[in-house]
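First up is the structure itself, then whatever we jot down about it.
We did not get these values from a lab; they are worked out from the coordinates using the rules stated. Just so it is clear, the structure is predicted and the values come from calculations on it, not from any experiment. Cβ atoms come from the backbone with ideal geometry, glycine included; neighbour counts cover every protein chain shown.
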Amino acid sequence: MNSSRRPLIAGNWKMFHGGASGVELAEACAALAKELRTVDIVIAPPFTALAAAAHSADGTPLGIAGQNMHARDSGAFTGEISAPMLAESGCTFVILGHSERRQYFGETSESVAEKTIAALKHGLRPIVCVGGTLAEREAGKVQATLEAQLTPVLEALEDVGPAQTRVVIAYEPVWAIGTGKNAGPAEAEEAHAFIRKQLVAASPALESLRILYGGSLKPDNAASLFGCANVDGGLIGGASLDVSSFSAIARAAVAQVGN
Ligand code: PGA
């Protein structure tokens, strides 16, 4: 981590904890966010639990994120949710372009770019996910994949002005998500440093963007990953579903920066 960027620890609940168990977990995360003053803590519950989670977060620094959204403000798009709707539900962040959205729901880097602009327009902080597959890694194409995924987003950000610094990037190698295999610190740092280089090349102001690591981030590997200069936090799936593992990861970030 680097003291110039405030760490961000985000829990991606995916399609878990939609009801009473979600409220319980959100309350525990709100207490955690209150305690840990030097890191931003964010949770991304399923849509049906957003308003209740926002209620639990009320009066605490806990941030609430949507897991996806549509690029338009409203319209005949059955099953979709817009940025203003997320904001009305109490969200201040939104995850965009998660690899599961790209793999199962046809999300493209162009649609992610469009959604990024829409999210910023409505005051949300987009967490833009990038990362390649195992085949791309084995073919030595990690950087080419990252560049292809980032370029449409960075081009779209050119016209945005100072709000562009509200973007967060999450590097999530697809082969590490939910598999128990994580990128080692050296491999993660190489990818993060490459992403930072792309950001700065697009605009020097983007050097301040936080780049999160995601993919089997757990209490036992958090310290070594957070020790990397260009890793500014984590996007956590499985280990965010339980407050003790989520809190252990958040505390590993605090150990880097002090509380
Ligand atoms: P994981 O998921 O921590 O369960 O690997 C990360 C993510 O998909 O955001």
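Beyond 25 Å, how much of the Cα-Cα pair distribution for the range 1-107 remains, as a whole percent?
Here the long-distance tail beyond 25 Å is 22 percent of all Cα pairs in the range 1-107.
Would you tally the net charge around HIS70, using a Cβ to Cβ cut-off of less than 10 Å, leaving HIS70 out, and scoring K and R as +1, D and E as -1?
Local charge sum for HIS70: -1.
Taking the simple approach of a point 7 Å from Cα along Cα-to-Cβ for both ALA135 and LYS34, what is their distance in nm?
In this crude spin-label approximation the distance works out to 5.0 nm.
Roughly speaking, what is the stretch gain from SER208 to MET15, that is 0.36 nm per residue apart minus the C-alpha to C-alpha distance, in nm to one decimal?
66.4 nm is the gain from fully extending SER208 to MET15.
With the radius of gyration and the Kirkwood radius both derived from the Cα set of the range 140-259, what is their ratio Rg to Rh?
With Rg and the Kirkwood Rh in hand, the quotient comes to 0.98.
What does the net charge come to around SER4 if you take all other residues with beta carbon closer than 13 Å to its beta carbon, with K and R at +1 and D and E at -1?
+2
Counting Lys and Arg as +1 and Asp and Glu as -1, what is the net charge of the other residues whose Cβ lies under 15 Å from the Cβ of PHE246?
-2
Say each of ALA163 and PHE47 gets a label point 7 Å from the Cα, pointing the same way as Cα to Cβ; how far apart are those two points in nm?
2.2 nm
Can you pull the one-decimal nm distance between simple spin-label points at HIS55 and ALA76, each 7 Å off the Cα toward Cβ?
Simple spin-label model gives 3.4 nm for this pair.
Rounded to the nearest 20 Debye, what is the dipole magnitude of the range 172-259 about its Cα centre when Lys and Arg each give +1 and Asp and Glu each give -1 at the C-beta?
With Lys and Arg at +1 and Asp and Glu at -1, about 80 debye.
Hey, how many Å between the Cα centroid of the range 204-225 and the Cα centroid of the range 230-258?
Measuring centre to centre over Cα atoms gives 9 Å.
With every atom except the alpha carbons ignored, what do you get for Rg and Dmax of the chain, in angstroms?
16.7, 49
Go through HIS192, GLY214, THR145 and say which Cα lies farthest out towards the positive end of the charge dipole of the range 99-226; charges sit on Cβ, +1 for Lys and Arg, -1 for Asp and Glu.
About the Cα centre, the residue reaching furthest to the positive side is GLY214.
Hand me the trypsin sites (Lys or Arg not before Pro) from the range 166-215 located in a DSSP loop with no more than 13 other Cβ atoms within 10 Å, in residue order please.
Sparse-neighbourhood loop trypsin sites (Lys or Arg not before Pro): LYS181.
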